[in-house]
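Derivation of every value follows stated rules applied to the coordinates shown; laboratory data play no part. Everything quoted here is computed from the prediction, not taken from an experiment. Counting neighbours? That spans all protein chains shown, and the Cβs are built from the backbone with ideal geometry, glycine included.
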Amino acid sequence: MLRAALIGSLLLANACAGDESLSAYGASGKMWQLRSIDGAAFSASAHLTFPEPGRIAGRGPCNSFQGSQTAPYPWFETGSLAVTRAACPEREVEAAFLQALQEMTLAEVSGDVLILSNEAGREMLFTGGG
């Protein structure tokens, strides 16, 4: 009986915790335009949004994508992304963007700047607009 009460209390506390993802820490409500990957300017158009708690969406040079992003801030993890498959001349650039995005594990939001990074030293710099 005590065990059931403890489990119930933990489940209730978890449900009341709210959104702890990047969305709750300044990332929602903006379109984040990719400016650079690993310090090199990204000349094609690509952006991210966080349309609702725990979700990520965006568009690369060719295709749109969406998925989950539920890791608690400052952690970042996209998991599997659903990506449309339109053909375009910037296919390789888009593949590099999506690969880098899925390798990111940390996030930092400061005003209109979003930096995604990982322990290997990779970094993606985004600027946001409302």
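Side notes on the structure shown:
- Nearest 10 degrees, 0 to 90: helix 2-16 Cα axis against the chain principal axis: 40 degrees
- Dipole magnitude of the chain, debye to nearest 20 (Cβ charges: Lys/Arg +1, Asp/Glu -1, about Cα centre): 320 debye
- For the stretch 37-50, the Karplus equation 6.51 cos²θ - 1.76 cosθ + 1.60, evaluated at θ = phi - 60°, returns couplings of 10, 6, x, 9, 4, 9, 7, 7, 8, 8, 8, 10, 9, 10 Hz by residue, with Gly and Pro reported as x.
- Put in line by how crowded their Cβ is, counting other Cβ atoms within 10 Å and starting with the fewest, 38, 19 read 38, 19.
- Nearest-0.05 FRET efficiency for residue 113 and residue 44, computed from C-beta distance (R0 30 Å): 0.90
- Amide H partners (placed H, <5 Å) of residue 58, local residues excluded: 49, 65
- For residue 88 and residue 55, the difference between the fully extended length at 0.36 nm per residue and the C-alpha to C-alpha distance is 9.3 nm.
- Debye log10 I(q)/I(0) at q = 0.17 Å⁻¹ for the stretch 30-98, Cα point scatterers: -0.64
- Cα-based Kirkwood hydrodynamic radius, the chain, one decimal, Å: 15.6 Å
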